[in-house]
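K.L.:
I am attaching a structure below and will ask some questions about it afterwards.
The values are calculated or read from the model by the stated rules, or taken from the named source; none is laboratory data. Computed from a predicted model, the values in this text were never measured in an experiment. Reconstructed Cβ throughout: ideal geometry from the backbone, glycine too, with neighbour counts over all protein chains shown.
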């Protein structure tokens, strides 16, 4: 029988609001909260969060699929790598936990902390530096054999991180769709939610089979997060995007440092609290530097197949004028192109 725990429901409410506002926050915030604040075993926190995330993102993914904002081609190729990557991540966690017991907890906490640092950095770069670089958005991405293999490899890495830590289903996949595939903001949100739902079901089911899901805990989180997502979605137009995302990045940085400290890193308290404050100040000082992106345009028709003359994509051969890296960075799509897109909810 489900026992109600007000503090867990409150955590779920807060995280749900952030998901509704930003599309990010499920694994990135809930997992460290469960470990640091509630003292949940790391492997159970990761497994429960993956299972909870699968439920909350399934409805969102279905809605985006019905709306036509999911790029099924990109989703397919990323899933080819992401599904086995997620499964491998879960199997590794389960294997090492059974082999080393509590000794593995510190390693897993360190992995979660590392993933949080990556997500926080990605959020800051996307918010402060890439807001003016949306120039060549496209509705879809034309795959070749080479770019398909690269997409599978990328999906595998993203899935592995997700399976190991439950972190990154929102931020990391979304940024990959922006920088690598240069999709329009609507397609970025829809495809990232859809792909994340697929990978979370794989990870959550695998953890459930391994006995790493606390269903009572998950039920309490859902009780708070479902109305939280709805509240967040209603507040979308009332909260400045940049300020919210910088704040979220600062919180994630503080969570990462606290996780490192929990794992025995002996980080001074002033660093754990001072670093996020410094990030917030930096974001405030740079708040006017990220220029608004130009109106979204569909360049899919003119882009042509990847690797064609004058339209090489970021995964195309290095024969393009700027090379793959220069092409990717020079035409990075930013979610700041649309307020509603930046903050589209991932859950119900």
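K.L.:
Would you please name the residue that is modelled with the lowest pLDDT, looking only at residues in region 1-24 that are part of a loop (DSSP other than H, G, I, E, B) and under 16 Å from residue 252 (Cα atoms)?
P.N.:
Here the residue is 23.
K.L.:
Can you find a residue that is at pLDDT 80 or above, touching a helix residue (DSSP H, G or I) at 6+ places or on another chain (Cβ under 8 Å) and either in a helix (DSSP H, G or I) or buried (at least 19 other Cβ atoms within 10 Å of the Cβ) (or both) anywhere in region 237-245?
P.N.:
Looking through region 237-245, none of the residues is at pLDDT 80 or above, touching a helix residue (DSSP H, G or I) at 6+ places or on another chain (Cβ under 8 Å) and either in a helix (DSSP H, G or I) or buried (at least 19 other Cβ atoms within 10 Å of the Cβ) (or both).
K.L.:
Test of understanding: among 211, 219, which residue is at pLDDT 90 or above and on the phi > 0 side of the Ramachandran plot?
P.N.:
211
K.L.:
Within region 46-85, how many residues are under 19 Å from residue 228 (Cβ atoms) and free of Cβ contacts under 8 Å to residues at least 40 places away in the same chain? Give the steps one after another, and end with the answer.
P.N.:
The initial filter retains those residues of region 46-85 that are under 19 Å from residue 228 (Cβ atoms), namely 48-61, 63.
Now restrict to residues that are free of Cβ contacts under 8 Å to residues at least 40 places away in the same chain: 63.
Here the count works out to 1.
K.L.:
Test each condition in (1) buried (at least 17 other Cβ atoms within 10 Å of the Cβ); (2) closer than 29 Å to residue 41 by Cα; (3) over 18 Å from the mean Cα position of the chain (by Cα) for residue 229 and report the one that comes out false.
P.N.:
Going through (1) buried (at least 17 other Cβ atoms within 10 Å of the Cβ); (2) closer than 29 Å to residue 41 by Cα; (3) over 18 Å from the mean Cα position of the chain (by Cα) one by one, residue 229 breaks only (3).
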